[in-house]
1. Checking K215 against (1) surrounded by 14 or more Cβ atoms within 10 Å (Cβ to Cβ); (2) under 26 Å from V154 (Cα atoms); (3) touching a Phe, Trp or Tyr at 6+ places or on another chain (Cβ under 8 Å), which test does it fail?
2. Which of the residues belonging to region 218-239 are closer than 8 Å to A303 by Cα and either buried (at least 18 other Cβ atoms within 10 Å of the Cβ) or of a type in the set (V, I, T) (or both)?
3. Give the residue that is farthest from A160 (Cα to Cα), with candidates limited to residues of region 80-117 that are open to solvent by 50 Å² or more (accessible area, probe 1.4 Å) and touching an Asp or Glu at 6+ places or on another chain (Cβ under 6 Å).
4. Just checking, how many residues over region 265-285 are of a type in the set (D, E, K, R), under 13 Å from Q221 (Cα atoms) and surrounded by 15 or more Cβ atoms within 10 Å (Cβ to Cβ)?
5. Tally time: how many residues in region 154-210 are of a type in the set (D, E, K, R) and within 24 Å of the chain's Cα centre (by Cα)?
6. Select the strands (runs of 3 or more DSSP E) contained entirely in region 122-209, then report the ones holding at least 3 residues which are without any contact (Cβ under 8 Å) to a residue 24 or more places away in the chain.
7. Is it the case that region 240-255 has a residue that's open to solvent by 30 Å² or more (accessible area, probe 1.4 Å) and within 30 Å of K156 (Cβ to Cβ)?
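The values are calculated or read from the model by the stated rules, or taken from the named source; none is laboratory data. Keep in mind that what you see is a predicted model, and the values were worked out from it rather than measured. Cβ atoms come from the backbone with ideal geometry, glycine included; neighbour counts cover every protein chain shown. Remember, those area values only see protein heavy atoms, side chains included, never the ligands or the DNA or RNA. Shrake-Rupley method; radii C 1.70, N 1.55, O 1.52, S 1.80 Å.
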Amino acid sequence: MRRAIPLLPALAALLLLTACGSEQAGTPGAAAPASGTADTAPPVDGVRITSVTIPSSTPTPTPTRGSDGFIVHADPLPTGGSGISAAYEVTNSGTEALTYTILFDFTTDAGEVMGNSHETVRSVGPGATVRRTVRLGTLAPGASPVTRVKVARVTKVPAAEAPSASGECPPSGIRLTSDDGDAAMGLRVVGLHLENCGKRDYSLDGYPLLELLDKDLSPVQGVRIVHGSGGISTGTGFDEPPGPLVLKPGESARSGLMWRNTTESGTAVDVPYVRVRAEQGADPVMVTPHLDLGTTGKLAVRAWTRS
């Protein structure tokens, strides 16, 4: 049986830091023992980074012989990623459960973004705080050293209206989501996707029903929602007429939102949230396409079509 090995305080600290994965700011690369760094940045919409962990680029130390004659090995940190991470907490100061979607940017000292990550924290209750860790994957070859992590954007929606997680089917049997969209020459298009993940056929005929909401989830005024392209752009498929659809289990349909972010005279309109119902009486789902409508005051919606 091996006896317990006493360690000098400095060597004990070295092992502890290696085992826990705490790291010191430096150039990402071959991981070595280091220390985590506390973050004092203020919270963004209830999301606060509490510490940042960045591995050192120095080589793994060679075995060291202590004064007691025993050899101590400092093991390298796990491989397979950048080793860069940030601990964060989400605090809901509201009165209803919320689901948060957070964009984290991993940056250089100069603020250049080397990578980012979207994190979803579901069903944070009123007054509750949830703690998580976000990790950056492998950096691209030649990337500059990452030294900071920041909260770039936070969206939060009522938990009961949040889009279902991938692989989950809501009680309605219909999963509704939005994509990241396309942008070209001031034209913006975001897709809406509906999947029948239930066990029964689902009928559709017409256009999704939309409610445009501001950052406080209050209705946005002064925007006209038009069926079809509304003259915004041709050749996009938005002018295809609606027709009845029957989606069998596993089948999907698509719609879309289109606008121009032209800014001329007047006040630009920003719509961070859209409450969507597949049809009259359907359960609402709140998506976050972030519609920068400029001063055009018009949003086009496409009829449901089979995917």
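1. (1)
2. G228, F238 - these are the residues of region 218-239 that are closer than 8 Å to A303 by Cα and either buried (at least 18 other Cβ atoms within 10 Å of the Cβ) or of a type in the set (V, I, T) (or both).
3. Here the residue is V113.
4. Selection size over region 265-285: 0.
5. Residues that pass the stated criteria total 9.
6. 182-184
7. yes
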